[in-house]
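A quick write-up on the structure given underneath.
Here, each number is a calculation from the coordinates, and none is a lab measurement. If you're wondering where the values come from, they're calculated on a predicted model, not measured in any experiment. Here the Cβ positions follow ideal geometry from the backbone for every residue, glycine too, while neighbour counts run over all protein chains shown.
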Amino acid sequence: MGQGQSRRTGSNYRRKKKAFPDLVELPPEVAVKVLSYLNATELCLAGCVNEKWLLLANVDTLWKNLCYCRWRWLNSYSPGKRVTFKDLYMTLDTASLTFSFDPEKGISYLFQQVLLKDSANDIAAFLYHSPTLNRNSVMVYLKDRHDVLAELVKLMDFSDSLLPDALRQFFYAVPPPHLNDRFLSILIGQFSTRYYMCNQQLNLPADSVYVISYGLILLSIDLNSIHVKNKMSKREFIRNIRQATTTMPSAELLGHCYDNIYLSGHVAKLK
């Protein structure tokens, strides 16, 4: 009986010894560091433990980091704005959720909360630097706001990027529509102009970039579709592009583009 109780006592001691200490027993900077690994939902739940945990969970730097992770650019980040970052996070989260269902209402909500200015370049910066926004909603919004699209494209730097890689970067920021959607042509046109501006040393005019870009999108579908049995060869791709352009892009450049698609896959996964 005494031995059994002794073993239980020893087991309880080991469990207590291994137990994680209460956050309030830690130095404040250590407790905040631990909480910095939580997302917004987990941080709110941590604040429900007790009043002391709530004080730690409401530390403004924690919510500031969460804001900057999801929304990297905002007019309200300007100096002089007096608002807690937790309140700001909750407002931005509401705006993002609204944007997912109705992009126009989501942006209007940000205007109403004086978090974003009603200008094309400010809206473009917000969309470009908010990676967690619903990407399909971004595309829907840009369909109606070509002025915002033009400003958003200016934020992209394609310098020294191979054309397929630049296209992937572009379509990550601006999700592509259906292949037969007229908006795709507008997107490629905006991309082509920007790519030319960033890579003028290639002597590849914007209209040639447009043709090659469209060809690369079709090539990526051809090479990666299980429904296409006779895949386009590199020689066929180079020949087709050269026939479709007024300039003569080098076979070496087009060959590199083909190899990139073959090895790395889609430049844009169209619906």
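Observations on the structure shown:
- Gaussian network model of the chain, springs between alpha carbon atoms under 10 Å - residue of 156, 139, 232 with greatest fluctuation: 232
- Theoretical FRET efficiency, 1/(1+(r/R0)^6), r = Cβ-Cβ of residue 236 and residue 269, R0 22 Å, to 0.05: 0.45
- By the equivalent-ellipsoid construction on the alpha carbon gyration tensor, the stretch 180-260 comes out with semi-axes of 22, 17, 10 Å, ordered largest to smallest.
- Inter-label distance, nm, simple model (7 Å from Cα along the C-beta direction), residue 193/residue 69: 3.8
- Residues considered: 127, 38, 92. Largest GNM mean-square fluctuation over the chain, using C-alpha springs under 10 Å, is found at 38.
- With 32 Å as the limit on Cα-Cα distance, the pairs of 64/269; 105/269; 105/154; 154/229 that go past it are 64/269; 154/229.
- Put a dot 7 Å past the Cα of residue 180, heading toward its Cβ, do the same for residue 105, and the two dots end up 3.1 nm apart.
- Candidate aspartates and glutamates for bridging to residue 52, where Cα separation is under 13 Å - those fewer than 8 sequence places away on the same chain excluded: 22, 25
- In order along the stretch 133-141, phi translates into HN-Hα couplings of 5, 4, 5, 5, 5, 4, 5, 4, 5 Hz, rounded to whole numbers, per the Karplus curve 6.51 cos²θ - 1.76 cosθ + 1.60 with θ = phi - 60° and x for Gly and Pro.
- Cα point-scatterer Debye curve for the chain, base-10 log of I(q)/I(0) at q = 0.07, 0.09, 0.12, 0.13 Å⁻¹: -0.42, -0.60, -0.84, -0.92
- From its DSSP helices (H runs of at least four residues, each -39,500 (n - 2.57)), the chain gives a residue-normalised ellipticity at 222 nm of -20000 deg cm²/dmol.
- Alpha-carbon centroids, the stretch 231-253 and the stretch 114-139: separation in whole Å: 37
- Fully extended contour minus Cα-Cα distance, from residue 41 to residue 144, at 0.36 nm per residue: 33.7 nm
- When the chain is treated as a GNM with alpha-carbon contacts under 10 Å, the residue of 253, 187, 115 showing the greatest mean-square fluctuation is 253.
- Residue-wise HN-Hα coupling along the stretch 219-232, computed from phi with Karplus coefficients 6.51, -1.76, 1.60 (Hz; x: Gly, Pro): 5, 5, 5, 4, 6, 10, 8, 6, 8, 9, 8, 8, 6, 5
- For the stretch 57-72, backbone phi angles converted through the Karplus equation (6.51, -1.76, 1.60; θ = phi - 60°) give residue-by-residue couplings of 5, 9, 4, 5, 5, 4, 6, 4, 5, 5, 4, 5, 5, 9, 10, 7 Hz, Gly and Pro being listed as x.
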